[in-house]
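The values are calculated or read from the model by the stated rules, or taken from the named source; none is laboratory data. Only a predicted model underlies this, so the values are computations on that prediction, with no experimental measurement involved. Every residue, glycine as well, gets a Cβ built from its backbone with ideal geometry; the counts of neighbours run over all protein chains shown.
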Amino acid sequence: MTLVKFITVVNVFITLLFSQTNAFAEVRSETTTVKPYLYAQPSDMKPSIKSIQHDPENGTVSLIKGNLFAPIEIINPDQRNKDKTLYQDIAIDFIESYRHLFKLNQPKKELVVIRTQIDNLDYKHIRLQQVYKSIPVWDSELIVHINTDEIVYLAGGHYIPTPDNILLTPSISKKDAFEYALKQVPKLVANCSRCSAKLIIYYDSDTSPRLAYLIEAGSQFSGTYQLILDAHTGNLITQLPRIQTSSQIIRQETPIITSSEVAIKLSE
């Protein structure tokens, strides 16, 4: 092969190589989709934990504060305070990024937003209920706080590590649960027009998490009670009174911390 032919072959090869590369790049640009809101640690904000407190019983995060998490881009001012799902996404993505610290395997599947509050200083407070396989975990919530710079600066709550080893199929039905409750606390359950039952995951300091039935029981004379029965044995675990008004029954909740109260906590 002469030198001229060799150079010609090389040029053709290079031309074909670059044309294929460009074509591949064009295909990628057409098929690659970008989420409308991506959250991560921005390059101009170094994430830092100022302090952290753990639950002494199970090692979960009871309180964490600092410059913890922020969106890649500043949220459009026109979207602020209008689309609360933006802040709900930030809250859950924050816990997702710290899932090992929070001892939650899949926060996006184990946390459900139950309330989003924006206070008078435009601080956002997102309350999350813990669930497992769609079953609520009793008395387990996290609250994530976001400041006006869209930075997560405080979070905490009372919850448990992902309860992987729990049996989620009840051994008794809801009807059986009412029968067991009637035998153990007849005055509360008999002739109860407002009784209801649902599955929950219950835990306390003395036992590991277990499947249970939460039964709302009572009357206008005895008041309203929450009865918790083991979903496998039917044994009464505990009974708790509920706050009752003339128009509704209110469950006691952990209060949401306002921005002024947070300022005091951060200075401690």
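Here are a few things to note about the model shown:
- Just one of the numbered conditions (1) within 21 Å of the chain's Cα centre (by Cα); (2) farther than 15 Å from Ile237 by Cβ; (3) buried (at least 18 other Cβ atoms within 10 Å of the Cβ) is not true of Pro161: (3).
Here is a yes/no grid of residues against (1) touching a residue at least 12 places away in the same chain (Cβ under 8 Å); (2) under 30 Å from Phe69 (Cβ atoms); (3) touching a Cys at 6+ places or on another chain (Cβ under 6 Å); (4) not basic (Lys, Arg):
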position	(1), (2), (3), (4)
Lys124	yes, yes, no, no
Leu142	yes, yes, no, yes
His145	yes, yes, no, yes
Leu154	yes, yes, no, yes
Ser196	yes, no, no, yes
Ala212	yes, no, no, yes
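- Considering the stretch 166-179, and only residues there that are out of contact with any Cys (no Cβ under 8 Å at 6 or more places or on another chain) and at pLDDT below 90, the residue that is surrounded by the most Cβ atoms within 10 Å (Cβ to Cβ) turns out to be Glu179.
- The residue list Leu167, Leu182, Leu199 contains one member that is part of a helix (DSSP H, G or I), of a type outside the set (S, T, N, Q) and over 17 Å from Phe94 (Cα atoms), which is Leu182.
- Residue check for Lys84: basic (Lys, Arg) and at pLDDT below 90: yes
- Matching residues in the stretch 126-140 - criterion: being in contact (Cβ under 8 Å) with a residue 40 or more places away in the chain, in contact with a Leu (Cβ under 6 Å, 6 or more places away or on another chain) and of a type in the set (D, E, K, R): none
- Residue identified as in contact with a Leu (Cβ under 6 Å, 6 or more places away or on another chain), modelled with pLDDT under 95, crowded, with 17+ Cβ neighbours inside 10 Å and not assigned by TED's automatic domain parsing to the domain that holds Ile90 among Ala197, Ala217: Ala217
- The C-beta contact set for the stretch 88-116 (first residue over 14 Å from Thr162 (Cα atoms), second residue part of a helix (DSSP H, G or I), distance under 7 angstrom, 6+ apart or interchain) comprises Ile92/Pro107; Ile92/Lys108; Val113/Gln88; Thr116/Tyr87; Thr116/Gln88.
Conditions (1) exposed (fewer than 15 other Cβ atoms within 10 Å of the Cβ); (2) in contact with a strand residue (DSSP E or B) (Cβ under 6 Å, 6 or more places away or on another chain); (3) more than 20 Å from Gln130 (Cβ to Cβ); (4) at pLDDT 80 or above, marked per residue:
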site: Asp78; (1), (2), (3), (4): yes, no, yes, no
site: Asp93; (1), (2), (3), (4): no, yes, no, yes
site: Arg99; (1), (2), (3), (4): no, no, no, yes
site: Phe102; (1), (2), (3), (4): no, yes, no, yes
